[in-house]
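Colleague: I am attaching a structure below and will ask some questions about it afterwards.
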Amino acid sequence: MSREPGRSRWLLFAACAHLVFLLPPLRARAFAVSVVSEGAEDETELPVLQKSGKSKTINKIGRELKGIVFVIQSQSNSFHSKRAEDLKRDILKQAVDLGKDLPTVLLIHQIDRHEGAWTILPLMTDFSVTYGRNTSWIFFCEEDTRIQVVKLLETLRRFDKSKEWFLGKPLYDEESTIIHHYAFAENPTVFKFPDFAAGWALSIPLVNKLAKKLKSEPLKSDFTIDLKHEIALYIWQKGEGPHLTPVPEFCTEDVNSYKADHCATTFSNFLPLCGEPVNKEDVFVAVKTCRKFHGDRIPVVKQTWEREAALIEFYSDYADISIPTIDLGIPNTDRGHCGKTFAILERFLNHTSPRTPWLVVVDDDTLISIFRLRKLLSCYDPNEPVFLGERYGYGLGTGGYSYITGGGGMVFSRRAVQKLLASKCRCYSMDAPDDMVLGMCFSGLGIPITHSPLFHQARPMDYPKDYLSHQIPVSFHKHWNIDPVKVYFTWLAPNTEETRNGKKVGYNREDL
């Protein structure tokens, strides 16, 4: 009997040890319940975690998340808005998994106070007023950027949020280029600008500084051609502002690549495909040309991409049966081609099958992959008024409008052409710039243009190699100092691998 008290104590100890063994899953369950209660404010909602060091970590992460405003460079087209909403949900889901404080996630196309919201700079004043006191960073990304929130927080912690920072993955020109107005002609490699696909960030002190500058010196009514380069120039302010600071964790590697292990951001670099490519017969191609280019530019079209098009017509100021070309009765001009383009739109609407949903208007020196375009168009609803291509802007700091630049190719849904021609909006002169007039018209109709970075107004050599490395381009433009046939077969021609799986393959892309 003298042993019984000791035995009782041993049994009590064993029972307590068993309970302790069971506690970890109970703690985990309490945490899982707490994080879905995102509206809760009372710290007592984490009673078990309060007894561990984890609560401090969760609260710190929550504060850091609240200190970031995510801005997705979205568009109102149904395809693009859905992708942006999916990214927003993914960011918020990661935040919920981390703690109860959620960050702010904004979609650019829903900020409708500015016609030029997509150019970012006009928003700086609003960002400063709304978030200038209680946040640390504005983080921008594209709809196809993928973000690992924990790694992003770890990355931003390295930078003193009280200082002016401009962070991103750097791009640079290897030679001066027309799309950047031949900036830094002596050594263009010295100036770095961010690859938007990898995401980029501004610290709030820099946002506040930019807002103050914009208040005293409003943006000029000028062209927006390459936004990422122009934003970097504006921030740099001829040496008075910060340069872009390279951040290795901001990446454009594919999320499944072994190279992405260190990355806070990745990028989906496949050509969008939302089902079967649209039929060849669903795409009508109009080529703008003139008599003086029949002998040198049209043969390039015929050697390269013409075979991809089922429906194609060449519109000129001279009827040449050997091509053949169609004379629309519009004289050629040395300036813009507004008259010719509107004649093409009317011909498409009135002389083609109403069952043909898509019109593509290109110049005679545009190199385009109709094969890839048919894949891309599978993602768009032709019943919507779609106006698609590479987006430029004019005077967006003071009202202005966006437009699709013509050289890279302009894609219209039949519905867009119907709405445009029914509006009576027309050229103010026959030689007005057709792409800009179209931008004004669609802006007046409240129809936003739809941007795709896969269309290019210039040649491959005019873009940073690293920028093109995560693209499957649809078009390039201009024949200056290049072999256009070689460019087409290097960058745009369909091949067996691409046909089979729709993914990017390793092209032998020479320096062109």
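Colleague: Longer than 20 Å from Cα to Cα, which of Lys151/Lys209; Lys66/Lys151; Lys259/Lys465; Lys161/Lys220; Lys93/Lys151 are they? Say none if no pair is.
Modeller: Listed pairs above 20 Å: Lys151/Lys209; Lys161/Lys220.
Colleague: I need the trypsin sites (Lys or Arg not before Pro) found in region 150-193, filtered to DSSP loop residues with at most 11 other beta carbons within 10 Å of theirs.
Modeller: Within region 150-193, the qualifying trypsin sites (Lys or Arg not before Pro) (loop, at most 11 other Cβ atoms within 10 Å) are Arg157, Arg158, Lys163.
Colleague: With r defined as the distance between the Cβ atoms of Gln418 and Asp334 and R0 fixed at 22 Å, what FRET efficiency is calculated, to the nearest 0.05?
Modeller: The formula returns an efficiency of 0.10 here.
Colleague: Have a look at Gly400, Phe342, Cys379 and report the one farthest towards the positive end of the charge dipole of region 280-492, computed about the Cα centre with Cβ charges (Lys/Arg +1, Asp/Glu -1).
Modeller: It is Cys379, whose Cα lies furthest towards the positive end.
Colleague: Per residue, how much accessible area does region 60-267 show when a 1.4 Å probe rolls over the protein heavy atoms, in square angstrom?
Modeller: Each residue of region 60-267 exposes 45 Å² on average to a 1.4 Å probe.
Colleague: Can you pull the percent of region 60-267's accessible area that's carbon plus sulfur, 1.4 Å probe, other chains left in place?
Modeller: Details: 4770 of 9400 Å².
Of the solvent-accessible surface of region 60-267, carbon and sulfur hold 51 percent.
Colleague: I would also like to ask the following. Compute the Rg/Rh shape ratio of region 170-281: radius of gyration over Kirkwood radius, all on alpha-carbon atoms. Spell out each step's value before the answer.
Modeller: On the way: Rg = 17.7 Å, Rh = 16.7 Å.
Expressed as Rg/Rh, it is 1.06.
Colleague: Using only alpha-carbon positions, what ratio does the radius of gyration of region 267-360 give when scaled by 2.2 N^0.38 Å?
Modeller: Against the compact-globule rule of thumb, the ratio is 1.23.
Colleague: Something else about it: At 0.36 nm per residue, minus the direct Cα-Cα distance, what do His181 and His243 gain on full extension? Give it in nm, one decimal, please.
Modeller: Extra length from His181 to His243 when fully extended: 20.4 nm.
Colleague: Quick one: length gained pulling Ser322 to Ile482 fully straight, 0.36 nm per residue minus the C-alpha distance?
Modeller: 55.0 nm
Colleague: Same structure again: With a cut-off of 18 Å, note down the residues of region 318-350 whose backbone N falls inside the zone around a label point 7 Å from the Cα of Phe223 toward its beta carbon.
Modeller: Inside the label zone: 334-338.
Colleague: On to the next question. Please work out the Cα center distance from region 345-409 to region 146-215, rounded to the nearest Å.
Modeller: 31 Å
Colleague: Something else about it: Tell me the Kirkwood hydrodynamic radius of region 280-492 in angstroms, computed as one over the mean inverse distance between distinct C-alpha pairs.
Modeller: 17.4 Å
Colleague: Suppose all protein chains stay in the model; what accessible area per residue would a 1.4 Å probe give for region 345-429, in Å²? Provide the component values of the computation, followed by the final result.
Modeller: Values: 2750 Å² over 85 residues.
Accessible area per residue, region 345-429: 32 Å².
Colleague: Which chymotrypsin sites (Phe, Trp or Tyr not before Pro) does region 350-456 hold that lie in a coil by DSSP with at most 11 other beta carbons within 10 Å? Don't skip to the end; give the middle numbers.
Modeller: Values: sites: Trp358, Phe371, Tyr380, Phe387, Tyr392, Tyr394, Tyr401, Tyr403, Phe412, Tyr428, Phe442, Phe455; in loops: Tyr380, Tyr428, Phe455.
Those satisfying the criteria are Tyr428.
The values are calculated or read from the model by the stated rules, or taken from the named source; none is laboratory data. The structure presented is a predicted model; accordingly, all values stated were derived computationally and were not measured. All Cβ positions, glycine included, derive from the backbone under ideal geometry; neighbour counts span all protein chains shown. Only protein heavy atoms, including side chains, enter the accessible area calculation; ligands, DNA and RNA are left aside. Shrake-Rupley method; radii C 1.70, N 1.55, O 1.52, S 1.80 Å.
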